[in-house]
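Below: the structure, in structure tokens.
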Amino acid sequence: MDQQEFKEIIARNIKHASGYKGWHQEVVQFISQNLLQPIKNDNFKQLQSLIKAKPVANISEITERLALLFGDPELLEYYFKSLKREGQDFITRLTWEGSLPYSDAYELFGEDLVIISNKGRNGVEPVQAHKRWYPYLFNGDYVFGYLQQTVAQKMESGKFYYELPPFMRMAYARILPKPKGYFLEGIQIPKKWQVLLTETTVFEQLPAVLTYIQQDKIKRTTKGFLNPPAVKAMQKKLRLQAFPNDPGHIMSLVINGLMPPFYKFPADKSITGVLQYVFHQQDLKPAMLDAALFPLNGIRKVDYYQLQPDSLKTVFGLLKILPVGGWITLDNIQQYVATHFFNLIPVKSYFDVQISTSSIYYQSFNEGGTAAKDQATRQILVTGALLMAAAYGLLDLAYDPQDPTIWFNDTVNYQDCRFSACRLTPLGAHIMQESKDYIAPATSSAPSFTLDPESLQISYTGNPLQATGLLENWTSPSGDGTLLFDLVKVLKNNSHEMSFKNSIEKFKKSVAKPLPAYWKEQFEQVLERSGYLSEVSDVMVFKISPKASELHQLIARDEILRKLIIKAEQFTIIVERSHKQAFYNRLATLGYLPGLGYPQPFNEL
């Protein structure tokens, strides 16, 4: 990154910050306190001249001065070493951890950094000895009336925290020792760890999943959010391979969650073609983010502009740098994301968001301020996105049997479904790293159907639970490896000719085979018989009082009424709506006015 790009980042940070004058004051103080030091640095001399010429600077000049100090690693190291030990530790933690609760800062310095004051920002003002850190203090959850609380009550809650602007974190990261997890480092997993292999499975499961979706069995809201019962039903009916700590539906959730809402893949689309589309789609939807953040409730209530679905692309980008076949721990990946300043704030408002009581982040999310919520949400997103990649065969997963945060099982609430480590599969390298000469694994479990040419019997090979699940709308069990097309069931589920035709079209897509002549004859007979009975919807029905004997006689004898009335029986007459006015006119001529079904006495009108 060159100096001009760095200045542009500073300018953006200043635009969204209230403490930038404090940042500048720190530069001024550093220069003034070191005028007599033998610092041989051109930027130091330039800052001396600028500050001497104009101590009070405008925003453009502040940006320039911040860039001169923080854009120069040598000069920044002078500044860093001028701080006391606790100040250096404070900066180091803020750089690598992103934010620091006030209570942690209190422990680090051994005393309060602020005091309660009606004059200060957010009801506090800095202790003079720690004034330099005040511009980095934020109140992540302001509650009216908190001024009556003690410092300990306010600060220990975690709602107050310190945070450096992004450009400072980037600058300090260049000069500070790199922490554990800064680099992605492969490990040898212990033999006792459980491994979930996914690459072959996706070639077995995904055809059934796509067919299931093609049948419109996965319901969504108008905004594309998944219907939970439909998701659970799919995992159960298709017997999808579940994650080892899956409460029974997370695999189905993350598979469907990444599918573009309301889009159906062509029947001839290859599995790798589907994956290329799914993982390189540009227009990611809030529904996809909702699925990845499954331990969080209320994402659907958050305004669209407060959600960042493209955060998923950032996480999927990690797959481009993972080594093929090498195991990387989830903790390493989380730390890598945290220390490389990934722009991962998928949710910008937590007003309607709650977290599952089964999540390991439950306490920090509920009791912490905005920074704590952002950190928990970022880690949940990384885990959820990697689970999505595993569900599509791009990652294998490994599980430490001794880790209680992984195996905590609650079938009622959404837990995190964490894992211990992951490794990129050859399929993942093909999709995300564009590796060539990929050969798909041989599979035999995907259902394949054969239609009997002389009966409505269907034989199948492959996974029987998937086969019966895919065709359950049209068939009944007939025996081992066979199903019977249940014409009665299909007719009961379709109330008219067009519905029946649509159902048969979906059946043809599900079996992926042309219909034999015998089958076509059976369906054509049904359609032919449908012409024997037609629904007439645009008619009017009138009830006649049994006491109206004169009207009964008129209906039976009046030639005009008899032409307008379709049927008259059991004190009921039926008239086509197109004859409504003519029918009313004739009744008026005969001295009758139709009622509304609830007559009132004249004196009550």
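Helix 271-280 axis versus longest C-alpha principal axis of the chain: approximately 50°, rounded to the nearest ten. With 0.36 nm allotted per residue and the present C-alpha distance subtracted, the ARG577-MET498 stretch has 26.0 nm of extension available. Helix 517-530 axis versus longest C-alpha principal axis of the chain: approximately 70°, rounded to the nearest ten. Taking the longest Cα principal axis of the chain as reference, the axis of helix 330-339 is set at about 60 degrees. Rg and Dmax of segment 194-433, based on Cα coordinates, read 16.6, 51 Å. Could you work out what % of the accessible surface of segment 194-433 is carbon and sulfur, using a 1.4 angstrom probe and leaving DNA, RNA and ligands out of the count? C and S fraction of accessible area: 51 percent. When you filter the trypsin sites (Lys or Arg not before Pro) in segment 153-229 for DSSP loop state and at most 13 other Cβ atoms inside 10 Å of their Cβ, you are left with LYS180, LYS191, LYS192, LYS219, LYS223.
Roughly how far apart, in whole Å, are the Cα centres of segment 18-68 and segment 295-331? Taking the Cα centre of each part, segment 18-68 and segment 295-331 sit 39 Å apart.
Counting only Cα atoms, the size of segment 3-175 along its three principal axes is 50, 31, 27 Å, in decreasing order. The Kirkwood hydrodynamic radius of segment 19-99, based on inverse pair distances between different Cα atoms, is 13.3 Å. Legend: residues TYR182, TYR392, sorted from most to least accessible area (1.4 Å probe; ligands, DNA and RNA excluded), read TYR182, TYR392. Taking label points 7 Å from Cα along the Cα-to-Cβ direction, GLU569 and LYS180 give a separation of 8.6 nm.
Within the same chain, lysines fewer than 8 places from LYS40 are excluded, and of the rest, those with a Cα less than 21 Å from its Cα are LYS52, LYS81. Sites counted here are GluC sites (Glu not before Pro) in a DSSP loop (not H, G, I, E or B) having no more than 14 other Cβ atoms within 10 Å; the longest part of the chain that contains none of them is 186-433. Beyond 17 Å, what share of the Cα-Cα pairs of segment 448-531 is found? Please give it as a whole percent. The proportion of pairs with Cα distances above 17 Å equals 43 percent. Distances over 46 Å make up what percent of all Cα-Cα pairs in the chain? Result for the distance tail: 42 percent. Among the listed pairs LYS15/LYS119; LYS180/LYS348; LYS301/LYS373; LYS84/LYS119; LYS237/LYS509, which are separated by more than 21 Å between their Cα atoms? Flagged as over cut-off: LYS15/LYS119; LYS180/LYS348; LYS84/LYS119.
Both the radius of gyration and Dmax for segment 520-561 are 19.3, 56 Å, in that order, over alpha-carbon atoms.
The P(r) of segment 256-328 has a tail past 14 Å containing 67 percent of all C-alpha pairs.
Per residue, the solvent-accessible area of segment 501-599 (1.4 Å probe, heavy atoms of protein chains only, all protein chains present) comes to 73 Å².
Which stretch or stretches of segment 378-402 have amide N atoms under 18 Å from the point lying 7 Å from GLN281's Cα along the Cα→Cβ direction? 384-394, by backbone N distance to the label point. Rounded, prolate or oblate: which one fits segment 539-590, using the alpha carbon gyration tensor with axes a ≥ b ≥ c (rounded when a/c is under 1.5, else prolate when a/b beats b/c, else oblate)? Cα axes put segment 539-590 in the oblate bin. For segment 539-590, the number of Lys pairs separated by eight or more positions or lying on different chains, with C-alpha atoms closer than 17 Å, is 4. Within segment 481-508, name every residue whose backbone N is under 15 Å away from a label modeled 7 Å from Cα of LYS520 along the Cβ vector. It comes to 505, 508, nothing else. Among LYS580, LYS509, LYS543, the sequence by solvent-accessible area, most first, with a 1.4 Å probe is LYS543, LYS509, LYS580. The loop-placed trypsin sites (Lys or Arg not before Pro) in segment 64-137, going by DSSP, that have at most 13 neighbouring Cβ atoms within 10 Å of their Cβ come out as LYS84, LYS119.
Sorted largest first by accessible area at a 1.4 angstrom probe radius, with every protein chain in place, the residues ASP480, ASP416 fall in the order ASP480, ASP416.
Remark: the chain carries a charge dipole of roughly 900 debye about the Cα centre, counting +1 on each Lys and Arg Cβ and -1 on each Asp and Glu Cβ.
Based on the Stokes-Einstein relation at 4 °C and a viscosity of 1.567 mPa s, and on the Kirkwood radius from alpha carbon pairs, segment 417-483 is assigned a translational diffusion coefficient of 85 µm²/s. On full extension, the segment bounded by LEU533 and LEU465 gains 20.7 nm, given 0.36 nm per residue less the C-alpha separation. Note on ALA17 and GLN363: their simple-model spin labels are 3.3 nm apart, each label 7 Å out from Cα toward Cβ.
Percent of Cα pairs in segment 349-467 per distance bin of 10 Å, from zero to the largest separation: 11, 26, 25, 20, 13, 4, 1. Subtracting the Cα-Cα distance of ILE560 and GLU125 from their residue separation scaled by 0.36 nm leaves 147.2 nm. List the chymotrypsin sites (Phe, Trp or Tyr not before Pro) within segment 205-267 that DSSP assigns to loop and that have no more than 15 neighbouring Cβ atoms inside 10 Å. Filter output for segment 205-267: PHE262, TYR263. Distance from the Cα centroid of segment 446-468 to that of segment 504-563 is 35 Å (rounded to whole angstrom). Please work out, to two decimal places, the log10 of the ratio I(q)/I(0) at q = 0.12, 0.21 Å⁻¹ from a Debye calculation in which every Cα of segment 321-408 carries one identical scatterer. Results for segment 321-408 at q = 0.12, 0.21 Å⁻¹ read -0.43, -1.21.
The values are calculated or read from the model by the stated rules, or taken from the named source; none is laboratory data. Owing to the predicted nature of the structure, the values given are computational and were not obtained by experimental measurement. Neighbour counts run over all protein chains shown; Cβ positions are idealised from the backbone, glycine included. SASA here: full protein model, heavy atoms, side chains in, ligands and nucleic acids out. Shrake-Rupley method; radii C 1.70, N 1.55, O 1.52, S 1.80 Å.
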